[in-house]
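Chemist: Handing you a structure now.
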Amino acid sequence: MSKKNKNQVGYRLHKNRIVFSGSEIIRTIKYPLTSDNFQEIKNFKQSIINDDLTIRGDINLNDYLKYSYNNKKIYTLFDFWVDSLKAGVIWADKGATLSLYRDIFFPNNKSIKDIIWKNASEKIKNFFDRDKFIDKFISKKQLRSNSTIISFKKRLNDCLKEEIKKENQQVLDFIDYLTSLFFDDKGKVKLNTLEQEKIWKDLGLNKDFIKQSKPQGDFKDITFLIIPELINFEVNSIETLINIRKHWLIKYFNNETDINDWLKKILDLVGNFNSFSNYFNNIFNSLKNGKTKEIGEALFYYLPSENDYKKKVFSSLEFLSEKAKLLSNHSDLVNSWADYRMFFLGKIQSWFSNFIKRQTELDKKIFEFKSNLIKSNEYLNSLNIKEARNELIEIKNLIQKLINIKDEDIKKEKEF
């Protein structure tokens, strides 16, 4: 580098470094927040403080002395999240996932896919996988005008059953037949939305069932369910509330990895926490305004409709409605509490990851401990000691008692 370049400073030096590195560089420029309106700045600062206080509570000393120490309890967004766990809430990343929850967690309820597939034409039933075909063609919107024959046939091929060979002439002929129903000789979509729906109905696949299986109106985008088995208003331990859900998932999944993955899913501690965009906005505001009946009606598109089930779900909604009324209004800095979800749920996600890691390590330690106890017991049984015989018997009995503790008892101890 020449002497001239060495003497370069500021933006010229910055520019030459970018050119030299050949990479993209982001430059952050900081500037002081100033205004002629000092009251405006003061209000802005106070809004930030108030929102943060309502999200997390009085966790620093000054706030604690001001509020909790003087018996002025602040009900926080975190409290509302915990109360939601108490009320048996599970979340889903999007509304469509609730249909999956319905099929998995309530198998005795006839799924909407069963109802649709029952009347499908024989060739469709014989050639195509039910779930794939319904997801790709019946649940989706109609073909767009710019759809192509190639993409249409690819989707059909992707839906074929594993045991059906794609080169099977009968299958190829049927795919050509289906294609001819929707496309003209020039390869353009020839049907409008209503005409496409009629074609599917003629093939025994009624899209109306899909519409009827989802809530409409203000709560068509709900992203949560209430599971009565998970309701426990008395428990205050977050760890216990999480473990109750984990124990519930054991009924549906056997593999520990699957259980932990599904635990993250039903808590929606993945991705961008999309479920809370709806839950901390529309649902929260509706609960605060007492719209429990309307929310409940939307939930029962996905839940069993037995009276006992309904009673428990509506009891939880009433509980959450009262709790929502305790939370202060957010500031004008945001449109809803949902705008803080990345910050808020990010902290919980971090805690949850550490919680799962710690539980896994604990399970491993318990297994190793019991293995060592068994070895110790075998060793003591091999000894022929006459002295201190009573003490030895007591030790052996204690070891055997520890060995006989069932894993379920250990899990229950961790839960409660």
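Rule-based calculations on the coordinates, nothing more; no lab input. Since the model is a prediction, treat every value here as computed from it, not as a measurement. Glycine also receives a Cβ, built like all others from the backbone with ideal geometry; neighbour counts cover every protein chain displayed.
Chemist: Report the residue, chosen from Tyr75, Tyr64, Tyr301, that carries the largest GNM mean-square fluctuation when the chain is represented by alpha-carbon nodes joined by springs under 10 Å.
Modeler: Looking only at Tyr75, Tyr64, Tyr301, the largest GNM fluctuation is found for Tyr64.
Chemist: Loop only per DSSP, at most 16 neighbouring Cβ atoms within 10 Å: give me the chymotrypsin sites (Phe, Trp or Tyr not before Pro) in the range 234-282, ordered by residue number. Before the final figure, lay out each step's value.
Modeler: Working: sites: Trp248, Tyr252, Phe253, Trp262, Phe273, Phe276, Tyr279, Phe280; in loops: Tyr252, Phe253, Phe273.
Passing sites in the range 234-282 are Tyr252, Phe253.
Chemist: Just to be sure I understand: with springs between alpha-carbon atoms less than 10 Å apart, which residue in Ile222, Ile266, Ile199 has the highest mean-square fluctuation in the Gaussian network model of the chain?
Modeler: Comparing Ile222, Ile266, Ile199 in a Gaussian network model of the chain, the most mobile one is Ile199.
Chemist: For the chain, return all DSSP H helices satisfying: extent of Cα atoms along own axis at least 15 Å; mean Kyte-Doolittle hydropathy at least -1.0. Walk me through the numbers on the way to the answer.
Modeler: On the way: long enough: 10-21 (17 Å, -0.57); 38-56 (27 Å, -0.57); 95-105 (16 Å, 0.50); 169-182 (20 Å, 0.64); 238-249 (17 Å, 0.07); 256-267 (17 Å, -0.57); 307-324 (25 Å, -0.78); 341-382 (61 Å, -0.54); 389-403 (21 Å, -0.03).
Qualifying helices: 10-21, 38-56, 95-105, 169-182, 238-249, 256-267, 307-324, 341-382, 389-403.
Chemist: What 222 nm value per residue comes from the helices of the chain, counting each DSSP H run with n ≥ 4 as -39,500 (n - 2.57) and dividing by all residues, nearest 500 deg cm²/dmol?
Modeler: Numbers: 22 runs with 243 residues, N = 416.
Per the formula, -17500 deg cm²/dmol.
Chemist: Moving on to the next point. Would you list Leu191, Leu267, Leu398 from fewest to most Cβ contacts within 10 Å?
Modeler: On the way: Leu191 16, Leu267 21, Leu398 12.
Ranking Leu191, Leu267, Leu398 by Cβ neighbours within 10 Å, fewest first, gives Leu398, Leu191, Leu267.
Chemist: May I pose another question? Taking the structure as given and computing mean projected area of the Cα convex hull in nm², which label from [x] 22.9; [y] 40.6; [z] 30.5 fits?
Modeler: [y]
Chemist: For the chain, set up a GNM with springs between Cα atoms under 10 Å and report which of Ser68, Ser376, Ser84 has the largest fluctuation.
Modeler: Of Ser68, Ser376, Ser84, the Gaussian network model singles out Ser376 as fluctuating most.
Chemist: Which shape class, rounded, prolate or oblate, goes with the range 248-405 when its Cα gyration tensor gives a ≥ b ≥ c as root eigenvalues, a/c under 1.5 marks rounded, and past that a/b bigger than b/c marks prolate?
Modeler: Working: a/c = 3.40, a/b = 2.53, b/c = 1.35.
Since a/c reaches 1.5 and a/b is larger than b/c, the shape of the range 248-405 is classed as prolate.
Chemist: Measure up Lys118/Lys186; Lys94/Lys154; Lys132/Lys323; Lys188/Lys264; Lys113/Lys293 against 32 Å on the Cα-Cα distance and list the ones that go over.
Modeler: On the way: Lys118/Lys186 34 Å; Lys94/Lys154 26 Å; Lys132/Lys323 41 Å; Lys188/Lys264 44 Å; Lys113/Lys293 27 Å.
Violating the 32 Å Cα-Cα cut-off are Lys118/Lys186; Lys132/Lys323; Lys188/Lys264.
Chemist: Using R₀ = 22 Å, calculate the FRET efficiency as 1/(1 + (r/R₀)^6) where r is the Cβ-Cβ separation of Asp208 and Asp129; round to 0.05.
Modeler: Working: r = 22 Å, r/R0 = 1.01.
The pair Asp208/Asp129 has a calculated efficiency of 0.50.
Chemist: So if R0 is 45 Å, what FRET efficiency would Ile164 and Lys364 give, r being the distance between their Cβ atoms, rounded to the nearest 0.05? Write down the numbers at each step before the final one.
Modeler: Working: r = 45 Å, r/R0 = 0.99.
For R0 = 45 Å, the calculated efficiency reads 0.50.
Chemist: Which trypsin sites (Lys or Arg not before Pro) in the range 130-183 sit in a loop by DSSP (not H, G, I, E or B) and have at most 13 other Cβ atoms within 10 Å of their own Cβ?
Modeler: Passing sites in the range 130-183 are Lys140, Lys141, Arg144, Lys165, Lys166.
Chemist: Hey, fewest Cβ within 10 Å first, where do His247, His330, His14 land in order? Write down the numbers at each step before the final one.
Modeler: Details: His247 17, His330 20, His14 12.
Lowest count first: His14, His247, His330.
Chemist: Scanning the chain for GluC sites (Glu not before Pro) in DSSP loops with at most 11 other Cβ atoms within 10 Å, what's the longest stretch left with none? Intermediate values should be presented prior to the final figure.
Modeler: Working: sites that count: Glu24, Glu162, Glu163, Glu167, Glu234, Glu306, Glu387.
It works out to 25-161.
Chemist: For each of Ile55, Ile18, count neighbouring Cβ atoms within 10 Å of the residue's Cβ, then give the residues from fewest to most. Before the final figure, lay out each step's value.
Modeler: Details: Ile55 17, Ile18 13.
Listed from fewest to most nearby Cβ atoms, that is Ile18, Ile55.
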